[in-house]
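Visitor: One structure follows; several queries about it will come next.
The values are calculated or read from the model by the stated rules, or taken from the named source; none is laboratory data. Computed from a predicted structure; not experimentally measured. For neighbour counting, all protein chains shown are included, and Cβ atoms are generated from backbone atoms with ideal geometry for every residue, glycine included. Note: accessible area is taken over every heavy atom of the protein model, side chains too, but ligands, DNA and RNA are not part of it. Shrake-Rupley method; radii C 1.70, N 1.55, O 1.52, S 1.80 Å.
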Amino acid sequence: MTTAAGSGTGFGSVSWWGLSPALDLQAESPPAEWDRRADPEPGPPELEVLLLGSVDGRHLLRTLARASLWPRRGFQFYVLENNLEAVARHMLIFSLALEELDKMGIQERSETFLELWGNALLRPPVAAYVRAQAARLAQLVPEPDRLERQFPWLRLCALKFRERDALEAVFRFWSGAERGPAAFPVRRLWDARLRHYLGSRYDARHGVSDWDLRMKLHDRGAQVIHTREFRRWRDTGVAFELRDPGAYLEPNRTLASGRLLSHRGERVAARGYWGDIATGPFVAFGIETDDQSLLRTSNGQPVKTAGEITRHNVAELLRELAAWGRSQGDPGAADASVSRSASPAPPRLLHPGKAPTAAPFTIHFLPLGSAQTLHHKSCHRGRFQLLYVSCGMAHLLSPELGACVARGGNLVVELARYMVDLRPEQLRAFSAQVGELARAAGFAEHPGAHPSETFARFCKSGDSAAYPKDSAVGSEPPLREVQTPPLAGMSPPWAEVATPLEAMSPPQVDAATPPEAMSLAQEDVATPLEAINLSQEDAATPPEAMSPPQADVTTPPETMDPPQDDVTTPPEAMDPPQVDVAHPQKQ
């Protein structure tokens with residue numbers, strides 16, 4: 001059996017990394033306006049952003065790292081994911097990014113970030129760090145007061161109690177509560193997933209990976225991804241090999257997620273790897289950069305690989321983030337903080353372990369499956385200046401969700417450009433479907449947005465007064481109403497403008513996958529667990545001819561929704577390295 005092209009099964013049912021480059025959300029949002037009558041102090045209001053499926057926090061990190069290029073303001077990020085493992089990864093990644101410099105330098109921090117973010121296997125020191133940090137977070141999640149003192153930028157108060165309990169169970173698993181390789185045999189799970197995905201093409205997997213890279217990713221603008229690194233990731237799950245290949249021995253438990261499967265007629269919780277095995281984590285930080293010298297070519301070939309560009313971009317991002325944190329704690333040091341030559345002082349308001357102060361940004365995690373009910377709360381209705389929706393959650397775009405965006409606010413939807421499973425006609429259909437959903441939700445195409453095959457940009461529909469073309473407007477805009485000028489004029493001062501991604505390759509076409517072609521199959525099965533606390537919330541049913549496969553959300557067995565018609569091969573009958581599993585259909 002061979003997986004049909006365009007099936008979307010390579011994307012998986014859980015997203016661990018984004019399929020688009022990191023964005024500066026301030027550049028995507030309307031310009032800052034404030035009510036001078038209500039607030040006599042000069043300065044813009046806080047930027048409030050709602051993100052659906054941002055997955056890895058790349059947009060948030062880049063926004064904070066670039067904040068020094070904009071007028072000083074606070075940030076309120078509201079993040080909605082569809083599985084608690086993604087929430088836990090957000091917390092782990094940010095706790096690492098905001099670590100004190102006297103505990104972990106920039107180079108060590110960036111290497112640790114890349115390994116736990118994009119590698120299926122870790123070096124022992126990185127695995128030890130994950131265990132220690134997960135144990136710490138597991139103790140803080142049940143105690144909101146301690147959590148706020150340790151991490152003043154984090155808010156979990158909107159999560160349900162059962163979701164917090166399940167989140168604690170995720171951290172317990174990461175900390176090594178279930179010891180031994182049998183708890184998460186990622187090598188076997190990765191190979192089993194790959195065998196099922198490729199089917200009869202498995203023996204020619206190197207040729208398949210070369211075809212997907214050169215005929216799809218390269219043609220869509222990701223020419224810097226090298227054949228050797230892409231083939232290594234397809235074979236082993238190791239995307240960033242920063243040390244000797246023999247040093248990557250321990251499984252990355254942060255890539256584990258749970259599903260409810262059927263075993264001999266019984267419903268059992270199973271843990272496995274259900275993420276991406278087709279595109280890889282190279283797109284988020286590895287195909288665009290502010291340093292144009294990294295994108296040079298020689299004899300038609302890029303001189304740097306996606307792995308090298310990713311390593312540079314992440315190190316610069318963490319360095320800028322630390323410098324921005326220092327400038328927030330000491331405004332007089334703002335000029336010195338932007339210097340990259342000297343090592344910046346640790347951020348005074350950002351790193352954990354300090355007394356609770358007014359953090360310059362806050363991340364609020366919303367309950368799973370709450371996208372269609374947020375507008376019921378007056379505190380969320382018409383609140384957000386920017387709404388970001390990933391390609392995996394585009395089916396949740398609705399008038400109810402649009403009601404949470406302020407008049408004149410912007411909408412950014414990630415397209416499926418870098419999903420190698422999708423054909424050009426499917427990409428076009430997906431892009432068209434996103435436009436229909438956005439218009440139904442009350443948005444119109446942004447008049448000043450540059451054509452892009454990676455993101456679709458819209459602005460909140462309204463009367464023409466909401467989008468003045470003349471900047472000399474006498475009236476003051478009311479609070480929560482923001483003006484929307486063309487995006488071309490919204491770049492921050494002093495910012496170096498990178499070559500647009502569209503200029504890196506011939507024009508491409510965008511599309512969506514029909515539902516029958518995009519249903520996800522379960523490729524591998526993990527050892528059934530009897531007492532795993534996994535949380536699951538049912539997402540809204542995707543519209544017809546809609547988006548790429550959605551990440552499944554896990555639930556504790558005792559709070560599980562009605563059983564699905566899943567059938568899986570009993571674990572006893574599995575002979576490594578290949579596991580044949582029937583794959584449960586999504587509800």
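Visitor: What ³J(HN,Hα) values, in whole Hz, does the Karplus curve 6.51 cos²θ - 1.76 cosθ + 1.60 give for the range 49-55 when θ = phi - 60°, with x put for Gly and Pro?
Guide: Once θ is set to phi - 60°, the couplings for the range 49-55 become 10, 10, 10, 10, x, 5, 6 Hz.
Visitor: Using modelled amide H (1.01 Å from N, peptide plane; none on Pro or chain starts), what sits under 5 Å from the amide H of residue 263, excluding residues fewer than 5 places away?
Guide: Hits under the 5 Å cutoff: 268.
Visitor: Taking 7 Å along the Cα-to-C-beta vector as the label spot, tell me the residue 244-residue 291 distance in nanometres, rounded to one decimal.
Guide: 2.8 nm
Visitor: Could I have the simple spin-label model distance between residue 403 and residue 149, label points 7 Å from Cα toward Cβ, reported in nm to one decimal?
Guide: 4.1 nm
Visitor: Follow-up. State the percentage of accessible surface on the range 231-288 attributable to carbon and sulfur atoms; use a 1.4 Å probe and exclude ligands, DNA and RNA. Can you show the working numbers first?
Guide: On the way: 780 of 1680 Å².
Within the range 231-288, the accessible surface is 47 percent carbon and sulfur.
Visitor: Taking H as built 1.01 Å from N, whose amide H comes closer than 5 Å to the amide H of residue 47, not counting residues under 5 places away?
Guide: 74, 75, 76
Visitor: Then there's this: Between residue 299 and residue 177, take the C-beta separation as r, use R0 = 60 Å, and let me know the FRET efficiency to the nearest 0.05.
Guide: Here the calculated transfer efficiency is 0.70.
Visitor: Continuing with this model, one more query. Could the peptides 288-301, 16-29, 172-185 be put in order, highest first, of the mean number of other beta-carbon atoms found within 10 Å of their residues?
Guide: 16-29, 172-185, 288-301
Visitor: Which distance in nm do the two modelled labels at residue 444 and residue 373 give, with both placed 7 Å along the Cα-to-Cβ direction?
Guide: 3.4 nm
Visitor: Read phi for every residue in the range 238-246 and hand back ³J(HN,Hα) as whole Hz from Karplus 6.51 cos²θ - 1.76 cosθ + 1.60, θ = phi - 60°, with x for Gly and Pro.
Guide: 9, 8, 10, 9, 8, 9, 4, x, x
Visitor: Pop out the carbon and sulfur fraction of the accessible area of the range 106-226 as a percent, whole number, probe 1.4 Å.
Guide: 52 percent
Visitor: Under the Karplus relation 6.51 cos²θ - 1.76 cosθ + 1.60, θ = phi - 60°, what is the ordered set of whole-Hz ³J(HN,Hα) values for the range 390-405, x standing for Gly and Pro?
Guide: Working through the residues one at a time gives 6, 5, x, 10, 5, 5, 7, 5, 8, x, 5, 6, x, 5, 7, 9 Hz.
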